[in-house]
1. Being crowded, with 16+ Cβ neighbours inside 10 Å, of a type in the set (Phe, Trp, Tyr) and closer than 20 Å to Gly131 by Cα is the requirement here; does Tyr191 meet it?
2. For the condition closer than 19 Å to Asp264 by Cα, modelled with pLDDT of 95 or more and in contact with a helix residue (DSSP H, G or I) (Cβ under 8 Å, 6 or more places away or on another chain), what is the one hit in Ala159, Ala175, Ala164?
3. Just a yes or no: is a residue in segment 198-207 hydroxyl-bearing (Ser, Thr, Tyr) and in the same structural domain as Leu266 (by TED's automatic domain parsing)?
4. Conditions: (1) surrounded by 10 or more Cβ atoms within 10 Å (Cβ to Cβ); (2) on the phi > 0 side of the Ramachandran plot; (3) modelled with pLDDT of 95 or more; (4) not aliphatic (A, V, I, L, M). Gly230 meets all but one. Number of the miss?
5. Being touching a Ser or Thr at 6+ places or on another chain (Cβ under 6 Å) and either free of Cβ contacts under 8 Å to residues at least 40 places away in the same chain or aliphatic (A, V, I, L, M) (or both) is true for just one of Ala13, Ala20. Which residue is that?
6. Output yes when any residue across segment 20-27 is under 22 Å from the mean Cα position of the chain (by Cα), basic (Lys, Arg) and part of a helix (DSSP H, G or I), and no when none is.
Amino acid sequence: MGGAFARYAVEMATVVAGDAEELRRRPLFSLIVCTIAPLVQDKEGIEGAMVMAEAGLPVGFLAMPTLGTTGPATYAGSLIVGDAEIISATVLMQLVNPGAPVSHSQMHAWADPRSGNYIAYPTDARCRYAGVDMAHHWNMPSFGGAFGTESHTPGTWQAAADVARDPLLIGLAGAEWVTGIGLNKSYTMLYPEAIILDNELYHRARYALARMDVNDETLALDIIGDVGPGGHYLSQKHTRKHMRPIAKQMGITHEMDADGKYRDPLEVAREKVMWILENYQPEPLEQAKQAELTRILKAADKELG
């Protein structure tokens, strides 16, 4: 949105944090700026990023070359174009404020040769996670691409198929954090219920990547010996103890109705969204901070219209 908007945002965040030093220590917000492929920086975005860098607040640069249109039609070529955009912007941030926190993000896509449409999930989506390795080559944190289906609505086969592997593979690649949760229609439409559904996919990946505890308690050799061949484990105290966490891991795909049948996950997700909207109450700021934010907003309205 430009430097003027960024200055007001930094001023407001400083009020909420308490002072500039505390804001740098624990930033309340960050900025993601998309570079313009091929090999161009966005004027408003880069000016806002410079304000953020000067304040010591995190800035991420996101390159999104499309193979065959705004980038070469090869994986490696488009990755080079995107990386050059990110690193050039990063150098500028370091000139503004040496040591300014900057993250690296590259989420390339494909052009459908029959229509020119933007395609994020072709059948062959190799190198989707290559940007993570490129970021780490530069010793920069990676803002990885995950989630964000091409499906127009949540709850479809495509909505899950597009993103199901993302949280697992991006976790294996080692991205520090990701984007796209809840987004449909090629990142252009946010559905609240899709946030809940994608959260389910995230937790599946989290459990898949978690270590398995192996110790005397989990090996349960004494319990195995007590039950013996042909026995049953349901009556064991060990079973009652260790089955409790399993119930918490069932997720929205195993919510039951009054008849003991599994419900439609999309319906469950929408109910959870409504509960959050109706019950969540954010903790209000102190009156003095609220008054100061109101003053800043009035000044911004006067200057920026």
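The values are calculated or read from the model by the stated rules, or taken from the named source; none is laboratory data. Just so you know, these numbers come straight off a predicted model, no measurement behind them. In this analysis, Cβ positions are derived from the backbone assuming ideal geometry, glycine residues included, and neighbour counts consider all displayed protein chains.
1. no
2. Step by step, each of Ala159, Ala175, Ala164 is checked, and only Ala159 is closer than 19 Å to Asp264 by Cα, modelled with pLDDT of 95 or more and in contact with a helix residue (DSSP H, G or I) (Cβ under 8 Å, 6 or more places away or on another chain).
3. No: zero hits.
4. Looking at each condition in turn, Gly230 falls short on (1).
5. Only one candidate passes the filter, namely Ala20.
6. yes
For every residue, the table says whether it meets (1) farther than 30 Å from Asn199 by Cα; (2) assigned by TED's automatic domain parsing to the domain that holds Ala13; (3) among the small types (Gly, Ala, Ser).
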| residue | (1), (2), (3) |
| --- | --- |
| Leu221 | yes, no, no |
| Pro229 | yes, no, no |
| Arg240 | no, no, no |
| Met250 | no, no, no |
| Arg263 | no, no, no |
| Ala269 | no, no, yes |
| Glu292 | yes, no, no |
